[in-house]
Amino acid sequence: MKKVFVVGCGFMGSGIAQVAAAAGYRVKMCDLDQERTSAGLRAIESSLDKLLAKDKIDIKQRDSALANIGTTTELQDAGDADIVIEAIFENGDIKRETFEKLDGICPPHAILATNTSAIPVSSIAAATSRPDRVVGIHFFGPVPLMRLVEVIRGLLTSNETLEIADEWARSLGKETVIVLKDHAGFVANRGSIPSTIEAIRMVDEGLATPEDIDRATGGYDFGVGPMQIMDNAGLDVGLNAAMAIYEDTRDTKFFPPPLLRRLVSAGLLGRKSGKGFYDYTSGKRDSYICLDKFANETAGERAARLAGLLQRFIMPNILEAVNLVATDIATAEDIDKAYRLGFNLPQGFLEMADNLGLDDLIATGLRLYEETGDAKFYPPPLLKQMVAEGRLGCKVGKGFYDYPSNNV
C-alpha cells in the first residue's frame, strides 16, 4: 500500500489527499480539468499553512506532504494505484460509471474505495468485476481535522479487503468504526438524519425558527447546532443523503421535508450560496426566518418550548441508534464512537439512553408518538425487551453497557 489515487479534488477529495500525503503515501489527485486539480492543490496548501501557523506541523512535514502529491486529469493514471478513493458527487449512477472505468484500469490487487456518505457500497461494487475488492471508506470533513472514518463492508467485500482498508485508514491517524452490514447512511448519518429531518419539520410546521432549534440543542452561541451544520455541509448534500437512505429503505423518517426541498430548488444551499437556514451575505450568520407568534412569550414559556424542541430532536437519534444495535449494523461501542467523533458530542446516543433510563425513554417515545402520530417516536422492540429484562441503564448498573456497582 504505497500509491494512493484520489478521484475528485473538491472539499473531501483534497482533504483525503492531504492526510494520505502527510502519512507518507504517494498520492495522485484526479479531476475533470486542470482548473479543478489546481483548486484542490491550493486548498491543500492553504490547509497545511494553517496547520503550520498553529504549530500542528513543522515546515519539513508541510513540504514533505506537498512533495507527495501530484495531479492529473486522466483516470488512466490510476493504472499503478494500490488503493483508489472515490470522492465525487453524491450520485449513484455517476459513481457506478466511475467504478466501472476504474475496474478496467487498476491492477488486480488494487482496492477500490468509495467515500460515499449514504449510498450502499454494494450497489457501487456491482459495476465492477471485483466486488470483493470494493469497500466503503467514509471520511468526515474537514478531513485533516475530523478523526472519524467509517469502514463499510459491502455484501461481497472480503475480510482481507476490510482489514486492509481499516489498517490503511488508521495509518492516517484516524479512528475507525467498522460497519458490518451495508446499508444506506451507514452509522453516523443513518443515526443523525431522522433528527435532522425532525428539526427541519419543526421549522416547516411553524413550531420553531432555525435559531430556536440551535439554541435548544446548545449549539447557537457556544458550538454548532444542527441547522448550522446543515448550512455548513450544504443543503443539497443533506437532501441527497436523506433521499439515498429513503430510496434504500422507503422509511418515511428519512424522507426530506418540503422546506428542505424548497430551499434547495431555490438555490438556497447554505454558506456556499450565501443563504440557507441562515443568511450569510453580510459576512456573519444572521437569522431571517422569523415567527412573530413567539415574539411575546415569557422567559418561562420560551424555556419550556425549547426544552420540548430538544426532546423532539434528540429522541429520533437515540431510537435509531437502538435500531442499529438491533440489526447488528455495528457494535454499541462503535455506534457511540461514530456519534462522538462524527458530531463532536460528549456522549454517544446509547450512552445517553443509559443515562436517561430506558424505561423513561419508552415513556417519552410513546408520549411523542401519541402527540405527533409519527412512527419514528415509537420505541423499538429491543428497547422494550431490555426493559422487560430489567436492563434500565445506569440506575441499575446494566443497559447497553455494564456499570460498576458503586455507580448504581
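Answer with yes or no whether residue 170 is surrounded by fewer than 22 Cβ atoms within 10 Å (Cβ to Cβ), in the same structural domain as residue 49 (by TED's automatic domain parsing) and in contact with a Ser or Thr (Cβ under 9 Å, 6 or more places away or on another chain).
Spelling it out, residue 170 is indeed surrounded by fewer than 22 Cβ atoms within 10 Å (Cβ to Cβ), in the same structural domain as residue 49 (by TED's automatic domain parsing) and in contact with a Ser or Thr (Cβ under 9 Å, 6 or more places away or on another chain).
What about residue 101, is it in a helix (DSSP H, G or I), touching a residue at least 12 places away in the same chain (Cβ under 8 Å) and under 20 Å from residue 242 (Cα atoms)?
In short, no.
Look at region 166-213 and say how many of its residues are under 18 Å from residue 349 (Cβ atoms) and of a type in the set (Asp, Glu).
Selection size over region 166-213: 2.
Any residue that is surrounded by 16 or more Cβ atoms within 10 Å (Cβ to Cβ), at pLDDT 95 or above and hydroxyl-bearing (Ser, Thr, Tyr) - is there at least one of those in region 37-53?
Scanning region 37-53, I find at least one residue that is surrounded by 16 or more Cβ atoms within 10 Å (Cβ to Cβ), at pLDDT 95 or above and hydroxyl-bearing (Ser, Thr, Tyr), so the answer is yes.
Residue 340 - would you say it is of a type outside the set (A, V, I, L, M), surrounded by fewer than 20 Cβ atoms within 10 Å (Cβ to Cβ), at pLDDT below 95 and not in a loop (DSSP other than H, G, I, E, B)?
In short, yes.
Could you check residue 369 against (1) in contact (Cβ under 8 Å) with a residue 40 or more places away in the chain; (2) not hydrophobic (A, V, I, L, M, F, W, C); (3) not in a loop (DSSP other than H, G, I, E, B) and say which number it fails?
(1)
Just name the residue that is farthest from residue 77 (Cα to Cα) out of those in region 6-20 that are surrounded by 24 or more Cβ atoms within 10 Å (Cβ to Cβ) and of a type in the set (Gly, Ala, Ser).
15
Only residues that are of a type in the set (Lys, Arg) and within 24 Å of residue 313 (Cβ to Cβ): list them for region 351-394, please.
Hits for region 351-394 are 367, 376, 384.
Can you find even one residue in region 185-194 that is under 26 Å from residue 24 (Cα atoms) and modelled with pLDDT of 90 or more?
no
Scan region 159-186 for residues that are in contact with a Lys or Arg (Cβ under 9 Å, 6 or more places away or on another chain) and either farther than 23 Å from residue 100 by Cα or not in a helix (DSSP H, G or I) (or both) and jot them down.
173, 174, 175, 176, 177, 178, 179, 180, 181, 182, 183, 184 - these are the residues of region 159-186 that are in contact with a Lys or Arg (Cβ under 9 Å, 6 or more places away or on another chain) and either farther than 23 Å from residue 100 by Cα or not in a helix (DSSP H, G or I) (or both).
Hey, can you tell me all the residues within region 283-333 that are in a helix (DSSP H, G or I), under 21 Å from the mean Cα position of the chain (by Cα) and of a type in the set (A, V, I, L, M, F, W, C)?
Selection gives 310, 313, 314, 315, 318, 319, 321, 322, 324, 325, 326, 332.
Quick one: how many residues across region 121-138 are surrounded by fewer than 24 Cβ atoms within 10 Å (Cβ to Cβ) and either over 23 Å from residue 183 (Cβ atoms) or of a type outside the set (Ser, Thr, Tyr) (or both)?
Within region 121-138, residues that are surrounded by fewer than 24 Cβ atoms within 10 Å (Cβ to Cβ) and either over 23 Å from residue 183 (Cβ atoms) or of a type outside the set (Ser, Thr, Tyr) (or both) number 6.
List the pairs whose first member sits in region 163-184 and is under 13 Å from residue 122 (Cα atoms), whose second member is assigned to a helix (DSSP H, G or I) and of a type in the set (Ser, Thr, Tyr), and whose Cβ atoms are under 7 Å apart, counting only residues at least 6 apart or on separate chains?
182/122; 184/249
Could you tell me which numbered condition residue 147 fails, if it satisfies all but one of (1) touching a Leu at 6+ places or on another chain (Cβ under 8 Å); (2) within 22 Å of residue 253 (Cβ to Cβ); (3) not polar (S, T, N, Q)?
Looking at each condition in turn, residue 147 falls short on (2).
Return the only residue of 326, 295 being farther than 29 Å from residue 142 by Cα, of a type outside the set (Lys, Arg) and in the same structural domain as residue 209 (by TED's automatic domain parsing).
Result of the check over 326, 295: 295.
Could you give every pair whose Cβ atoms fall below 8 Å, whose first residue belongs to region 311-330 and is more than 17 Å from residue 152 (Cβ to Cβ) and free of Cβ contacts under 8 Å to residues at least 60 places away in the same chain, and whose second residue is of a type in the set (S, T, N, Q) and assigned to a helix (DSSP H, G or I), counting only separations of at least 6 or pairs across chains?
311/364
Quick check on my filter: what residues within region 272-282 are in a loop (DSSP other than H, G, I, E, B), without any contact (Cβ under 8 Å) to a residue 60 or more places away in the chain and either surrounded by 18 or more Cβ atoms within 10 Å (Cβ to Cβ) or among the aliphatic types (A, V, I, L, M) (or both)?
276
Pick from region 248-271 the residues that are of a type in the set (Lys, Arg) and assigned to a helix (DSSP H, G or I): which of them is surrounded by the most Cβ atoms within 10 Å (Cβ to Cβ)?
Among those residues, the one meeting the criterion is 253.
Among the listed residues 156, 145, which satisfies the condition of being surrounded by fewer than 18 Cβ atoms within 10 Å (Cβ to Cβ), modelled with pLDDT under 95 and either in a loop (DSSP other than H, G, I, E, B) or assigned by TED's automatic domain parsing to the domain that holds residue 87 (or both)?
Step by step, each of 156, 145 is checked, and only 145 is surrounded by fewer than 18 Cβ atoms within 10 Å (Cβ to Cβ), modelled with pLDDT under 95 and either in a loop (DSSP other than H, G, I, E, B) or assigned by TED's automatic domain parsing to the domain that holds residue 87 (or both).
The values are calculated or read from the model by the stated rules, or taken from the named source; none is laboratory data. What you see is a predicted model, and the numbers here were worked out from it, not measured in a lab. Note that we place each Cβ from the backbone using ideal geometry, even for glycine, and neighbour counts take in every protein chain shown.
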